[in-house]
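Q: Below you will find the structure I want to go over with you.
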Amino acid sequence: MKKTDIGIVAFMYGVCVWFTLMNRTLPADAQIYPRLIIVILALLTTMYVAKMVVTAKKAGVTSGLAELFKGFLPRQFFTVLGSALGYLAALYLIGFYPATVIFMIAVLISLRIKPLTIAITTASILALVFVTFNVILKVSLMKGLVFELLL
(Lines give C-alpha, C1' and ligand atoms only; values in the text may rest on other atoms or scores of the structure.)
Protein backbone atom coordinates (compact mmCIF):
# COMPACT_ATOMS: atom_id res chain seq x y z
CA MET A 1 0.00 0.00 0.00
CA LYS A 2 1.11 3.53 -0.71
CA LYS A 3 0.35 6.51 1.50
CA THR A 4 -0.69 8.41 -1.63
CA ASP A 5 -3.60 5.96 -2.04
CA ILE A 6 -5.18 7.38 1.11
CA GLY A 7 -5.61 10.71 -0.66
CA ILE A 8 -7.30 9.01 -3.59
CA VAL A 9 -9.73 7.24 -1.27
CA ALA A 10 -10.52 10.47 0.60
CA PHE A 11 -11.10 12.26 -2.71
CA MET A 12 -13.45 9.51 -3.96
CA TYR A 13 -15.48 9.52 -0.76
CA GLY A 14 -15.62 13.32 -1.00
CA VAL A 15 -16.99 13.00 -4.55
CA CYS A 16 -19.65 10.59 -3.27
CA VAL A 17 -20.71 13.02 -0.53
CA TRP A 18 -20.73 16.00 -2.93
CA PHE A 19 -22.81 14.14 -5.53
CA THR A 20 -25.19 12.94 -2.82
CA LEU A 21 -25.77 16.53 -1.70
CA MET A 22 -26.24 17.70 -5.29
CA ASN A 23 -28.58 14.78 -6.02
CA ARG A 24 -30.95 15.98 -3.31
CA THR A 25 -31.78 19.03 -5.46
CA LEU A 26 -33.11 16.87 -8.31
CA PRO A 27 -36.76 15.86 -8.60
CA ALA A 28 -37.51 12.61 -6.70
CA ASP A 29 -38.00 10.59 -9.89
CA ALA A 30 -34.66 11.76 -11.27
CA GLN A 31 -32.69 10.81 -8.14
CA ILE A 32 -32.75 7.05 -8.75
CA TYR A 33 -30.05 6.74 -11.41
CA PRO A 34 -27.55 9.16 -9.80
CA ARG A 35 -28.10 7.47 -6.44
CA LEU A 36 -27.30 4.09 -8.01
CA ILE A 37 -24.09 5.46 -9.54
CA ILE A 38 -23.08 7.04 -6.20
CA VAL A 39 -23.64 3.73 -4.37
CA ILE A 40 -21.59 1.85 -6.98
CA LEU A 41 -18.78 4.41 -6.68
CA ALA A 42 -18.82 4.18 -2.87
CA LEU A 43 -18.78 0.37 -3.00
CA LEU A 44 -15.85 0.33 -5.44
CA THR A 45 -13.96 2.79 -3.24
CA THR A 46 -14.66 0.64 -0.18
CA MET A 47 -13.41 -2.43 -2.05
CA TYR A 48 -10.24 -0.49 -2.85
CA VAL A 49 -9.82 0.34 0.84
CA ALA A 50 -10.12 -3.37 1.68
CA LYS A 51 -7.48 -4.16 -0.94
CA MET A 52 -5.24 -1.45 0.53
CA VAL A 53 -5.54 -2.98 4.01
CA VAL A 54 -4.71 -6.47 2.74
CA THR A 55 -1.73 -5.12 0.79
CA ALA A 56 -0.53 -3.14 3.82
CA LYS A 57 -0.61 -6.27 5.99
CA LYS A 58 1.31 -8.31 3.39
CA ALA A 59 3.86 -5.85 2.02
CA GLY A 60 3.76 -2.92 4.41
CA VAL A 61 3.19 0.75 3.71
CA THR A 62 5.37 2.80 1.36
CA SER A 63 5.43 6.52 0.69
CA GLY A 64 4.52 6.37 -3.00
CA LEU A 65 5.80 9.90 -3.61
CA ALA A 66 8.79 8.72 -5.67
CA GLU A 67 6.45 7.01 -8.14
CA LEU A 68 3.81 9.73 -8.14
CA PHE A 69 5.43 11.96 -10.77
CA LYS A 70 7.43 9.27 -12.55
CA GLY A 71 6.84 9.67 -16.27
CA PHE A 72 5.07 13.03 -15.78
CA LEU A 73 4.59 14.84 -19.10
CA PRO A 74 3.99 18.56 -18.39
CA ARG A 75 2.82 19.37 -21.94
CA GLN A 76 0.25 16.57 -21.89
CA PHE A 77 -0.92 17.48 -18.37
CA PHE A 78 -1.41 21.17 -19.10
CA THR A 79 -3.12 20.42 -22.43
CA VAL A 80 -5.63 18.17 -20.68
CA LEU A 81 -6.07 20.66 -17.83
CA GLY A 82 -6.65 23.52 -20.28
CA SER A 83 -9.10 21.43 -22.29
CA ALA A 84 -11.06 20.50 -19.16
CA LEU A 85 -11.23 24.11 -17.99
CA GLY A 86 -12.26 25.21 -21.48
CA TYR A 87 -14.98 22.56 -21.47
CA LEU A 88 -16.29 23.80 -18.12
CA ALA A 89 -16.37 27.37 -19.42
CA ALA A 90 -18.12 26.23 -22.59
CA LEU A 91 -20.69 24.31 -20.52
CA TYR A 92 -21.51 27.50 -18.67
CA LEU A 93 -21.62 29.68 -21.78
CA ILE A 94 -23.15 27.51 -24.53
CA GLY A 95 -24.62 24.53 -22.68
CA PHE A 96 -24.05 20.81 -22.49
CA TYR A 97 -24.70 19.59 -26.02
CA PRO A 98 -22.72 22.17 -28.05
CA ALA A 99 -19.85 22.16 -25.52
CA THR A 100 -19.70 18.37 -25.50
CA VAL A 101 -19.67 18.17 -29.31
CA ILE A 102 -16.81 20.68 -29.52
CA PHE A 103 -14.88 19.03 -26.68
CA MET A 104 -15.27 15.49 -28.00
CA ILE A 105 -14.28 16.43 -31.54
CA ALA A 106 -11.25 18.41 -30.33
CA VAL A 107 -10.05 15.62 -28.04
CA LEU A 108 -10.58 12.88 -30.61
CA ILE A 109 -8.77 14.90 -33.28
CA SER A 110 -5.87 15.46 -30.89
CA LEU A 111 -5.76 11.69 -30.36
CA ARG A 112 -5.55 11.27 -34.15
CA ILE A 113 -8.81 9.33 -34.46
CA LYS A 114 -10.28 8.88 -37.94
CA PRO A 115 -13.07 11.35 -38.88
CA LEU A 116 -15.70 8.61 -39.36
CA THR A 117 -14.95 7.19 -35.92
CA ILE A 118 -15.15 10.69 -34.44
CA ALA A 119 -18.58 11.23 -36.01
CA ILE A 120 -19.92 7.86 -34.86
CA THR A 121 -18.52 8.22 -31.33
CA THR A 122 -19.80 11.76 -30.85
CA ALA A 123 -23.26 10.96 -32.22
CA SER A 124 -23.51 7.78 -30.13
CA ILE A 125 -22.53 9.45 -26.87
CA LEU A 126 -24.88 12.38 -27.43
CA ALA A 127 -27.76 10.05 -28.32
CA LEU A 128 -27.10 7.93 -25.23
CA VAL A 129 -26.97 11.00 -22.98
CA PHE A 130 -30.11 12.48 -24.57
CA VAL A 131 -32.13 9.28 -24.16
CA THR A 132 -30.87 8.70 -20.61
CA PHE A 133 -31.42 12.19 -19.24
CA ASN A 134 -34.08 13.84 -21.39
CA VAL A 135 -36.27 10.85 -22.28
CA ILE A 136 -35.92 8.36 -19.41
CA LEU A 137 -35.08 10.60 -16.44
CA LYS A 138 -36.84 13.70 -17.83
CA VAL A 139 -34.02 15.97 -16.65
CA SER A 140 -32.89 18.78 -18.93
CA LEU A 141 -29.18 19.44 -19.11
CA MET A 142 -27.46 22.84 -19.01
CA LYS A 143 -28.62 25.21 -21.75
CA GLY A 144 -25.85 27.72 -21.23
CA LEU A 145 -25.82 31.42 -20.52
CA VAL A 146 -25.96 32.42 -24.18
CA PHE A 147 -29.09 30.38 -24.87
CA GLU A 148 -30.70 31.46 -21.60
CA LEU A 149 -30.29 35.10 -22.63
CA LEU A 150 -31.53 34.46 -26.17
CA LEU A 151 -34.58 32.43 -25.20
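The values are calculated or read from the model by the stated rules, or taken from the named source; none is laboratory data. Note that the structure is predicted; figures quoted are calculated from it, not measured. A quick note on method: Cβ atoms are made from the backbone with ideal geometry, for glycine too, and the neighbour counts reach across all protein chains shown. For accessibility, only protein heavy atoms count, side chains too; no ligands or nucleic acids. Shrake-Rupley method; radii C 1.70, N 1.55, O 1.52, S 1.80 Å.
Q: On a 0 to 90 degree scale, rounded to 10, what angle separates helix 74-94 from the longest Cα axis of the chain?
A: Helix 74-94 sits roughly 40 degrees off the main axis of the chain.
Q: Checking a compactness column here: for the chain, what do you get for Rg(Cα) / (2.2 N^0.38 Å), N being the number of residues?
A: 1.32
Q: Probe radius 1.4 Å, ligands and nucleic acids ignored: give me the carbon and sulfur share of the accessible area of region 60-133 as a rounded percent.
A: About 78 percent, which is the carbon plus sulfur part of the accessible surface.
Q: Residue separation times 0.36 nm, minus the C-alpha to C-alpha distance between E148 and L116: what's the value?
A: Full extension from E148 to L116 adds 8.3 nm.
Q: Can you give me the angle between helix 115-129 and the longest principal axis of the chain, using Cα atoms only, in degrees from 0 to 90, rounded to the nearest 10?
A: Roughly 90 degrees between the two axes.
Q: Report the equivalent ellipsoid semi-axes for region 73-151 in whole Å, largest first, defined as the square roots of five times the eigenvalues of the gyration tensor built from alpha carbon atoms.
A: They are 24, 18, 10 Å, listed largest first.
Q: Also, I was wondering about something else. Taking Cα atoms of region 1-51, Rg/Rh with Kirkwood Rh, to two decimals?
A: Value, to two decimals: 1.08.
Q: What does the accessible area per residue of the chain come to in Å², with a 1.4 Å probe and no ligands, DNA or RNA counted?
A: Per residue, the chain has 75 Å² of solvent-accessible surface.
Q: Of the residues L128, L73, L36, which exhibits the maximal mean-square fluctuation in a Gaussian network model of the chain defined by a 10 Å Cα contact cut-off?
A: Result for the chain, Cα springs under 10 Å: L73 fluctuates most.
Q: Quick one: what do you get for region 66-113 if you divide its Cα Rg by 2.2 N^0.38 Å?
A: The value comes to 1.38.
Q: Show me the chymotrypsin sites (Phe, Trp or Tyr not before Pro) within region 22-86 that DSSP assigns to loop and that have at most 13 other Cβ atoms within 10 Å of their Cβ.
A: The qualifying sites are F69, F72.
Q: Please find the FRET efficiency linking L21 to V49, where r is the Cβ-Cβ separation and R0 is fixed at 25 Å, and quote it to the nearest 0.05.
A: 0.70
Q: Helix 32-59: angle to the longest alpha-carbon principal axis of the chain, degrees 0 to 90, nearest 10?
A: 20
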